[in-house]
Amino acid sequence: MGMIGGGIGAFIGGVHRIAAAMDNQIELVCGAFSSSAEKSIQSGIALGLPQNRCYGSFEEMIQKESQLDEDERMDFVAIVTPNHMHFAPAKMALENGFHVICDKPVTFNLDEAYELKKIIEKQKLIFALTHNYTGYPMVKQAKAMIANGDFGKIRKAIVEYSQGWLATKLEDTNQKQAAWRSDPKRSGAAGAMGDIGTHAENLLEYISGQQITSLCSDLTSFVEGRLLDDDGSVLLRMSEGAKGVLIASQIMAGEENNLKIKVFGEKGGLEWQQMKPNSLVVKWLDQPQQEYRTGVGNQYPQALAAARIPAGHPEGYLEAFANIYKEFATAVTDFKNNELKENYDFPNIDDGIRGMVFIDKVVDSSEQGSIWVEL
């Protein structure tokens with residue numbers, strides 16, 4: 001793995017490195033860790049890389065790595081930069097023959113996402129998007145139960161992603177994460193909806209097996225002077241008839257990282273919370289409520305395969321993130337062995353495009369006075 005972004009002071013880069021290393025299938029061999037060449041090289045050396053594999057820019061990294069022997073150069077690029085810096089390195093990496101795994105949202109805008117898909121299809125390379133919440137064992141159990149028809153026809157879905165860290169104008173304090181996420185030139189058309197709303201959208205479509213077909217949204221910037229939304233509510237209509245509600249907010253004072261989802265069908269429903277990830281609550285129309293636990297009892301194979309350690313030992317955010325990397329590494333290995341399969345269980349460019357369409361339509365609906373718009 002070669003990494004772009006994620007240098008000294010970055011949050012998500014460390015998460016990616018831990019997740020990538022967890023199953024001993026991936027080794028970090030090089031990086032361009034910052035837009036500052038000096039900081040990039042310092043970051044790489046601090047991570048134990050040889051100085052000749054610590055690059056001053058992503059252009060230099062991709063160019064020089066592509067000139068190395070196949071058994072020495074990186075196999076893929078991990079992009080962990082702010083949103084506006086996703087497309088250019090992904091494009092260059094793919095055009096030079098490297099697979100790509102990228103943080104979400106996939107690009108700065110929808111046009112870039114469509115162009116990136118064309119490049120992926122032309123190069124016939126592997127692209128993954130780290131919507132990491134799909135990696136939890138109990139999320140996979142929920143998806144499998146719905147796909148198997150355990151609850152009958154799905155009628156209602158409610159997904160909420162609540163945070164409180166932007167309840168004040170934190171971006172004015174030079175806090176790095178707040179500064180770029182609230183800047184339209186780096187974040188894109190949406191704030192909270194782009195940052196965490198896309199996670200909620202992706203999780204809903206992943207678990208329910210249905211796509212959002214139309215929506216009606218109401219976005220707000222509660223903190224005075226903030227340029228992008230910090231709160232939003234969205235009504236949803238789904239592809240197989242279900243109705244839904246999506247809430248994404250970063251001004252719910254006191255909330256930590258409270259992503260939760262409820263899905264209900266004719267026979268019952270389920271509830272999962274990211275802050276209690278090892279439990280899946282299942283509710284039945286005519287039976288007592290049940291609680292599934294990671295690694296315990298008779299579960300669907302997808303859920304059991306996503307767990308690593310004996311039941312009762314909590315598995316959480318890092319392990320879920322690692323499941324994305326593990327499946328991606330399997331696909332890259334299969335590619336190298338000419339054994340690539342049709343489908344792998346990680347978010348891809350189409351999921352990324354869904355997220356960008358969602359952002360555009362949420363913003364469009366709200367700006368037009370909260371009207372219904374088609375996706």
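Couple of notes before you dig in:
- Qualifying residue in the range 277-284 (condition: without any contact (Cβ under 8 Å) to a residue 40 or more places away in the chain, of a type in the set (K, R) and assigned by TED's automatic domain parsing to the domain that holds E160): yes
- Test: residue in the range 251-271 that is without any contact (Cβ under 8 Å) to a residue 60 or more places away in the chain, surrounded by fewer than 21 Cβ atoms within 10 Å (Cβ to Cβ) and either over 16 Å from E201 (Cβ atoms) or not acidic (D, E) (or both): yes
- Of all the residues in the range 243-257, those that are among the small types (G, A, S), in contact with a Gly (Cβ under 9 Å, 6 or more places away or on another chain) and not in a loop (DSSP other than H, G, I, E, B) number 2.
- Residues within the range 53-85 that are surrounded by fewer than 18 Cβ atoms within 10 Å (Cβ to Cβ) and assigned to a helix (DSSP H, G or I), tallied: 5
- Here the range 308-339 is the region considered, the condition is being modelled with pLDDT under 95 and in contact with a helix residue (DSSP H, G or I) (Cβ under 8 Å, 6 or more places away or on another chain), and the residue that is farthest from H16 (Cα to Cα) is R308.
- Scanning the range 97-131 for residues that are over 17 Å from the mean Cα position of the chain (by Cα) and either of a type in the set (F, W, Y) or modelled with pLDDT under 95 (or both) yields F98, Y114.
- A303 being in the same structural domain as D183 (by TED's automatic domain parsing) and either closer than 24 Å to Q163 by Cβ or touching a helix residue (DSSP H, G or I) at 6+ places or on another chain (Cβ under 6 Å) (or both): yes
Listed here are the residues, each with its yes/no results for (1) touching a residue at least 12 places away in the same chain (Cβ under 8 Å); (2) closer than 30 Å to G241 by Cα.
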| site | (1), (2) |
| --- | --- |
| N83 | yes, no |
| H86 | yes, no |
| P105 | yes, yes |
| E112 | yes, no |
| L116 | yes, no |
| K122 | no, no |
| K143 | yes, yes |
| I146 | yes, yes |
| K153 | yes, yes |
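- For F346, the conditions (1) at pLDDT below 95; (2) outside the structural domain of M145 (by TED's automatic domain parsing) are fulfilled apart from (1).
- Considering residues of the range 23-50 that are in a loop (DSSP other than H, G, I, E, B) and of a type in the set (G, A, S) only, the residue nearest to the chain's Cα centre (by Cα): S34
- Taking every residue in the range 188-213 that is closer than 29 Å to A167 by Cβ and in the same structural domain as N258 (by TED's automatic domain parsing) and pairing it with any residue that is in a strand (DSSP E or B) and among the aromatic types (F, W, Y), at least 6 positions away or on another chain, the pairs with Cβ-Cβ distances below 7 Å are I196/Y161; G197/Y161; H199/Y161; A200/Y161.
- Check on K156, buried (at least 23 other Cβ atoms within 10 Å of the Cβ) and among the basic types (K, R): no
- Test: residue in the range 300-312 that is part of a strand (DSSP E or B) and surrounded by 12 or more Cβ atoms within 10 Å (Cβ to Cβ): no
The values are calculated or read from the model by the stated rules, or taken from the named source; none is laboratory data. None of these values were measured; they are calculated from a predicted model. No Cβ is skipped: glycine too gets one built from the backbone with ideal geometry, and neighbour counts run over all protein chains shown.
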